Amino acid sequence: MGLTLTEKILSAHLVEGEMVKGSEIGIRIDQTLTQDATGTMAYLEFEAMGVPRVKTEKSVAYIDHNTLQSGFENADDHRFIGSVCKKHGIYFSRPGNGICHQVHLERFGIPGKTLIGSDSHTPTGGGIGMIAIGAGGMDVAVAMGGGTYYITCPKIVKVNLTGKLQPWVAAKDVILEVLKRLSVKGGVGKVIEYCGEGVKTLSVPERATITNMGAELGATTSIFPSDEATRTFLKAQGREQDYVPLSADSDAEYDEVVEINLSELVPLAACPHSPDNVKSVEEIGNMKIDQVCIGSCTNSSLLDMLKVAHILKGKTVHPDVSLSIAPGSKQVLNMLAQNGALSILIDAGARILESACGPCIGMGQSPNSKGISLRTFNRNFEGRSGTKDGQIYLVSPEMAAISAVNGYLTDPREIGEMPEFKLPEVFKINDNMVVPPIEAEKMDTVEVLRGPNIKPFPVSEPLSESIEAGVSLKVGDNITTDHIMPAGAKILPLRSNIPKISEYCFAVCDEHFHDRAKEMGKSIIIGGSNYGQGSSREHAALAPLYLGVKAVITKSFARIHMANLINAGIVPMTFANESDYDRVAQGDELVIEDIIGQLKGGDVIKVTNKTKGFSFDTNVSLSERQKEMIYAGGLLNYTKNNA
């Protein structure tokens with residue numbers, strides 16, 4: 001039996017365990033990336049480990065999230081990250097150089113390598129044949145120190161692509177179709193591997209769009225083969241030496257197979273408030289719109305921007321619509337300026353934003369109240385835009401551009417004949433906004449610069465013999481990390497200050513949660529299915545840790561958030577019988593007797609509802625290593641204990 005591409009790369013990097021589906025495996029990590037919203041905490045954690053220099057092949061710190069500087073906090077964080085990079089051998093991508101995933105694809109990603117990043121959209125790297133996985137900052141810190149990264153050995157889903165996209169149907173429509181079929185939790189515990197003749201018709205930027213939004217499936221990652229399209233892209237980036245041909249064996253076996261004929265796809269949109277709430281443009285109809293935002297790590301490539309410029313050429317944005325465009329990197333922006341496309345965008349009335357995440361994480365460009373906003377982004381969770389009642393639709397750049405002109409949702413197939421869009425044979429290469437590591441002998445002289453907003457990592461204590469605590473909050477299904485720890489221009493600058501940012505914990509669900517949890521001292525949270533989906537932000541675990549949360553009991557967890565809870569020393573538990581979820585209420589007093597003994601005895605933990613006088617079973621799906629982490633009080637304590 002042959003191997004899938006995923007199995008080949010994972011096997012080549014296997015450090016611990018065996019390639020048995022569902023078991024825990026440890027893999028060697030070649031590259032890491034961080035961004036500034038998660039990076040400060042990741043580097044504080046790295047410092048706490050006492051490792052003088054990163055041990056990966058390449059680690060890169062990007063400044064792309066918190067670039068709106070309305071106070072000192074973000075600027076201080078950037079200065080801190082820059083100084084840490086000098087001291088510990090990390091590449092530093094300065095503000096203005098671009099979005100981490102776009103730049104990493106252009107300048108650093110290598111087929112066949114492993115990459116983890118403290119951002120859930122790190123799977124963008126799968127577009128050039130990497131195993132690229134989003135993770136919490138603590139996991140990234142451990143990997144930078146040479147530690148092993150652990151995942152559940154995934155099931156592998158083959159998405160067999162046939163045919164070719166019709167004119168004005170986009171790569172965005174491919175991943176929206178996959179989301180429509182599989183849902184936001186359909187990829188949990190799985191890698192999505194794209195195969196088939198249709199793959200050859202897609203460029204690397206188009207593939208990266210698809211793997212980027214694989215994060216919305218809850219998948220471990222997504223990956224395309226490394227082929228001639230990959231070679232062409234890397235050659236144009238001056239990196240042909242990094243090309244390696246990689247593909248699955250012809251007789252590889254998969255756990256699931258999804259068939260998609262690209263020729264049959266139509267323009268699609270994800271409707272509020274979930275990326276899997278997908279409908280065709282025909283189903284939605286000619287809906288009047290208020291705003292259009294083009295960019296994000298999903299759709300900000302040069303190829304995307306050239307298509308948008310073609311559609312806007314000689315036209316004017318509708319007077320009732322605000323159009324903003326954020327090219328994904330300095331390289332993209334510079335090439336648009338040189339080839340005249342930037343002038344076309346400006347002439348049409350587009351508002352050109354800096355090469356950063358911007359509106360995607362609520363950092364500016366919030367729509368008007370109840371405003372309908374078309375965005376080429378990857379998430380449309382309620383309130384993520386910065387406007388609580390904003391109606392956010394996720395669409396392709398092609399649909400976004402023509403709709404901005406018409407003032408209503410428009411099928412891009414109405415544009416007319418589509419020219420052939422080709423990537424340049426040579427990209428403009430100028431890495432002057434990437435600061436390389438300094439000489440090792442100079443590192444000890446570097447002073448790490450800390451601002452007053454940078455507070456220490458919250459202290460986690462070893463697991464107590466028993467837990468007796470009240471339920472501080474009960475929430476429903478599909479709670480995202482945006483619900484738990486919101487983003488936006490007001491809150492993001494506090495990412496380095498856990499005590500302060502914890503004041504906003506669960507504010508979207510219950511504005512009184514923070515005060516109640518602090519008053520209770522210790523507590524337990526009850527959640528529904530797919531709890532913690534979305535961003536990789538470990539702050540969604542660190543803020544509850546700071547507020548005394550000892551355990552979270554849900555119907556099911558999203559992968560990264562569950563890992564972050566374990567890293568923080570918070571016990572993640574699932575109802576053995578989901579009907580017990582309905583029997584537990586906020587305010588109930590729960591008791592977990594001899595939790596350490598129960599964990600050592602197996603994977604079933606008995607919980608007693610002291611308030612209502614009944615007991616129920618929960619499942620704790622932890623490896624022995626993860627149990628040891630829980631006993632120690634989290635990954636940082638565990639790492640120190642085993643150093």
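The table that follows gives values for the structure above.
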| read-out | value |
| --- | --- |
| Pair list, Cβ under 6 Å, 6 or more apart: the range 63-91 residue over 20 Å from S355 (Cα atoms), other residue surrounded by fewer than 17 Cβ atoms within 10 Å (Cβ to Cβ) and among the basic types (K, R) | H88/R53; G89/R53 |
| Top-ranked residue in the range 233-244 [being touching a Pro at 6+ places or on another chain (Cβ under 8 Å) and part of a loop (DSSP other than H, G, I, E, B); ranked as surrounded by the fewest Cβ atoms within 10 Å (Cβ to Cβ)] | V244 |
| Count of residues meeting criterion [under 16 Å from P397 (Cα atoms) and part of a helix (DSSP H, G or I)] in the range 336-370 | 8 |
| Single condition L494 does not satisfy, out of (1) crowded, with 17+ Cβ neighbours inside 10 Å; (2) modelled with pLDDT of 95 or more | (2) |
| Hits in the range 130-174 (condition: in contact with a helix residue (DSSP H, G or I) (Cβ under 6 Å, 6 or more places away or on another chain) and of a type in the set (G, A, S)) | A132, G134, G136, G137, A141, G145, G163, A170, A171 |
| In the range 467-483, residue modelled with the highest pLDDT [restricted to those that are surrounded by fewer than 19 Cβ atoms within 10 Å (Cβ to Cβ) and among the acidic types (D, E)] | E468 |
| Residue among D255, D251 that is exposed (fewer than 15 other Cβ atoms within 10 Å of the Cβ) and touching a Gly at 6+ places or on another chain (Cβ under 8 Å) | D251 |
| Cβ-Cβ under 8 Å pairs, at least 6 apart or on other chains, the range 490-511 side without any contact (Cβ under 8 Å) to a residue 24 or more places away in the chain and of a type in the set (G, A, S), far side surrounded by fewer than 17 Cβ atoms within 10 Å (Cβ to Cβ) and not in a loop (DSSP other than H, G, I, E, B) | none |
| Restricting the range 397-438 to residues that are in a loop (DSSP other than H, G, I, E, B) and touching a strand residue (DSSP E or B) at 6+ places or on another chain (Cβ under 8 Å), the residue that is surrounded by the fewest Cβ atoms within 10 Å (Cβ to Cβ) | P436 |
| Matching residues in the range 463-481 - criterion: being more than 16 Å from I630 (Cβ to Cβ) and either among the charged types (D, E, K, R) or without any contact (Cβ under 8 Å) to a residue 60 or more places away in the chain (or both) | E468, K474, V475, G476, D477, I479 |
| Close pairs (7 angstrom Cβ cut-off, 6 or more residues apart or separate chains): over 27 Å from T221 (Cα atoms) and in contact (Cβ under 8 Å) with a residue 12 or more places away in the chain in the range 532-555, surrounded by fewer than 24 Cβ atoms within 10 Å (Cβ to Cβ) and charged (D, E, K, R) anywhere | L547/K518; G548/K522; K550/K522 |
| Residue count for the range 509-542, restricted to those that are surrounded by 21 or more Cβ atoms within 10 Å (Cβ to Cβ) and closer than 16 Å to R384 by Cβ | 8 |
| Residue list for the range 546-581, filter: in contact with a strand residue (DSSP E or B) (Cβ under 8 Å, 6 or more places away or on another chain) and assigned to a helix (DSSP H, G or I) | R559, I560, H561, M562, L565, I566, D580, Y581 |
| Count - residues of the range 39-92 that are in a helix (DSSP H, G or I) and either touching a strand residue (DSSP E or B) at 6+ places or on another chain (Cβ under 6 Å) or among the aromatic types (F, W, Y) (or both) | 9 |
| Total residues in the range 502-529, condition at pLDDT below 95 and under 15 Å from L545 (Cβ atoms) | 0 |
| Number of positions in the range 582-610 that are without any contact (Cβ under 8 Å) to a residue 40 or more places away in the chain, polar (S, T, N, Q) and not in a helix (DSSP H, G or I) | 2 |
| Complete set of residues in the range 119-148 that are touching a His at 6+ places or on another chain (Cβ under 7 Å), over 26 Å from N642 (Cβ atoms) and among the small types (G, A, S) | G125 |
| The range 464-504, residues that are among the small types (G, A, S), under 19 Å from the mean Cα position of the chain (by Cα) and over 16 Å from L542 (Cβ atoms) | G488, A489 |
| Search result, residues across the range 538-576 that are under 19 Å from K185 (Cα atoms) and not hydrophobic (A, V, I, L, M, F, W, C) | T554, K555, S556, R559, H561, N564, P572, T574 |
| Residue among S296, S280 that alone is outside the structural domain of G96 (by TED's automatic domain parsing), surrounded by fewer than 24 Cβ atoms within 10 Å (Cβ to Cβ) and either of a type in the set (S, T, N, Q) or touching a residue at least 40 places away in the same chain (Cβ under 8 Å) (or both) | S280 |
| Whichever residue in the range 556-588 is of a type in the set (S, T, N, Q) and crowded, with 23+ Cβ neighbours inside 10 Å and, among such residues, is nearest to H512 (Cα to Cα) | N564 |
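The values are calculated or read from the model by the stated rules, or taken from the named source; none is laboratory data. If you're wondering where the values come from, they're calculated on a predicted model, not measured in any experiment. Glycine gets a Cβ as well: all are built from the backbone with ideal geometry, and neighbour counts include every protein chain shown.
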